[in-house]
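What follows is one structure encoded as structure tokens, with my remarks underneath.
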Amino acid sequence: MKCRICSNQIDIFMSFGKMPIANAFLKEADFQDEYFFDLATAFCEKCLTVQLETQPDPKLMFHENYAFFSKTSKHMQLHFEKFAEWVNTNYLKNKDSFVVELGSNDGILLENFSKKGIEHLGVEPSANVAKVAKENGVNTEVAFFDSEVASNIVEKYRNADAILAANVMCHIPDLNEIGKASKILLKEDGVLIFEDPYLGDMVNKVSYDQIYDEHVFIFSALSVQNIFAASGFELIDLLPQETHGGSMRYVLCQRGVRKISESVINIIANEKKIGLNSKTTFDEFKINCELSKERIQAMLKELKKEGKKVVGYGATSKSTTILNYCKIGPDLIEFISDTTPIKQNKFTPGMHIPVKTYEEFIRYKPEIAVLFAWNHKKEIEIKEKEFIESGGKFISHLF
Ligand code: TYD
């Protein structure tokens, strides 16, 4: 295949087999027409990006029935509050600032600017989540961001001081276009700030479930530097984050305009040390994925033999990769509980495990819960003190 960023010829290092759309929770009547594609990842030795071989049409993923609402996690709400505060303190020095967020979802980040009376705009392609944002006073337009949309925003509003994105940039296949569009929208010293699941954490934890249809890229600092160089940006700061099981916040600005922090130098040096610039690292990662698969399959089969009550906790997007790659169905996991109403009383994509309410988790009193929302482990372990104290166990596919 050709690299999406630099057109270099690149090879697949890992195939996960046939996959459905990660967030396409469905009713039994729709099993027949379920959409599948080959989920495989490749590494570009030239621009150092890790990317999907094929990504389904974005319109199949981000639409008026998008099942992902950011505000389901209290911890994430707090994270975004702090994120907004940090942007305010560091980059929005005067009151007349203008902030634009790409993929603003239900407004979880922008509401913090809205509350402070800071001019803001969310650009969100999924109409249902955008509607929730607007109802909460977050100025939002339904669109996929590109150069045309950027020019329209400049015309209708003005140039922005900051463009923000959280768990969005890694969804976008044409990042060359995003670079161009960001340059159009930003002021000369404006900053492009985004955070996404971090490749270093994924390799280290073997959290291959970060790989699914929406995540067309899993970034490292090295790759982000190369991707945005084409539109004149350079990294000026890097801040590791605990969210989504290990993320990185990237701060970019037009080349030479702002000072580069020590953290950029240090993190890039570390990435070279741990081999995020080398194909061998990803060949090893593949072996570790296979070991993880064997381990969780054996664990669940054993629990079944012992007659244990096994359920899943959190019907995450990530769980779609685990379930379909490891061929785990309702014979091994009776149901998955999830707090998102739109997922409840449906079935998981591909393997068709029933998704039930959180109340059902409490009522059923399972002995084992596969923690698919492992990125919220701390929050969940506090919430489920009673389950743990009465002998319940959380398990996961992680090493
Ligand atoms: P998320 O962490 O965003 O993962 P992904 O990006 O892989 O979808 O989603 C968390 C999911 O887990 C979401 O569907 C809500 C659910 N959830 C619960 O059911 N209970 C909880 O206590 C938490 C924190 C999440």
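Here are some notes:
- Flag if Glu155 is free of Cβ contacts under 8 Å to residues at least 40 places away in the same chain and of a type in the set (Asp, Glu): yes
- The residues of segment 10-48 that are in contact with a Cys (Cβ under 7 Å, 6 or more places away or on another chain) and surrounded by 20 or more Cβ atoms within 10 Å (Cβ to Cβ), listed by number, are Ile10, Met14, Cys44, Cys47.
- Checked across segment 114-123, the condition of being open to solvent by 30 Å² or more (accessible area, probe 1.4 Å), at pLDDT below 95 and in contact with a Phe, Trp or Tyr (Cβ under 9 Å, 6 or more places away or on another chain) holds for no residue.
- The single condition among (1) closer than 23 Å to Met61 by Cα; (2) surrounded by 22 or more Cβ atoms within 10 Å (Cβ to Cβ); (3) within 14 Å of the ligand (Cβ to nearest atom) that His397 does not meet is (1).
- Pairs with Cβ under 6 Å, 6+ apart, first in segment 124-150 and more than 16 Å from Ile163 (Cα to Cα), second assigned to a strand (DSSP E or B) and open to solvent by less than 20 Å² (accessible area, probe 1.4 Å): Ala130/Thr140; Ala133/Gly122; Ala133/Thr140; Lys134/Thr140
- Residue in segment 299-312 that is under 24 Å from Gly17 (Cα atoms), under 23 Å from the mean Cα position of the chain (by Cα) and either without any contact (Cβ under 8 Å) to a residue 60 or more places away in the chain or within 16 Å of the ligand (Cβ to nearest atom) (or both) present: yes
- Being of a type in the set (Lys, Arg), in contact with a helix residue (DSSP H, G or I) (Cβ under 9 Å, 6 or more places away or on another chain) and closer than 28 Å to Ala24 by Cα holds for only one residue in Lys318, Lys304, and it is Lys318.
- When Ser7 is tested against (1) open to solvent by 60 Å² or more (accessible area, probe 1.4 Å); (2) at negative phi, only condition (2) is not met.
- Whichever residue in segment 190-212 is polar (S, T, N, Q) and over 12 Å from the mean Cα position of the chain (by Cα) and, among such residues, is nearest to the ligand (Cβ to nearest atom): Ser207
- Matching residues, segment 336-358, being within 12 Å of the ligand (Cβ to nearest atom) and free of Cβ contacts under 8 Å to residues at least 60 places away in the same chain: Ile336, Ser337, Asp338, Pro341, Gln344, Lys356, Thr357, Tyr358
- No other residue among Ile153, Ile184 is open to solvent by less than 40 Å² (accessible area, probe 1.4 Å) and either out of contact with any Asp or Glu (no Cβ under 6 Å at 6 or more places or on another chain) or basic (Lys, Arg) (or both) apart from Ile153.
- Taken over segment 58-112, the criterion of being over 23 Å from Ile184 (Cα atoms), open to solvent by 60 Å² or more (accessible area, probe 1.4 Å) and modelled with pLDDT under 90 is satisfied by Lys59, Leu60, Glu64, Asn65, Phe68, Thr72, Lys74, His75.
- Test: Ser292 is touching a strand residue (DSSP E or B) at 6+ places or on another chain (Cβ under 7 Å) and of a type in the set (Ser, Thr, Tyr): no
- Residue that is farthest from the chain's Cα centre (by Cα) [pool: residues in segment 238-257 that are of a type outside the set (Val, Ile, Thr) and open to solvent by 30 Å² or more (accessible area, probe 1.4 Å)]: Gly256
- Residue among Ser278, Ser317, Ser247, Ser292 that is touching an Asp or Glu at 6+ places or on another chain (Cβ under 6 Å) and either free of Cβ contacts under 8 Å to residues at least 40 places away in the same chain or under 24 Å from Ile12 (Cα atoms) (or both): Ser247
- Filtered by the rule that a residue be among the β-branched types (Val, Ile, Thr) and in contact with a strand residue (DSSP E or B) (Cβ under 7 Å, 6 or more places away or on another chain), segment 163-191 gives Ile163, Val168, Val191.
The values are calculated or read from the model by the stated rules, or taken from the named source; none is laboratory data. None of these values were measured; they are calculated from a predicted model. We place every Cβ from the backbone using ideal geometry, glycine too, and count neighbours over all the protein chains shown. Calculation scope for accessible area: heavy atoms of the full protein, side chains included, ligands and nucleic acids excluded. Shrake-Rupley method; radii C 1.70, N 1.55, O 1.52, S 1.80 Å.
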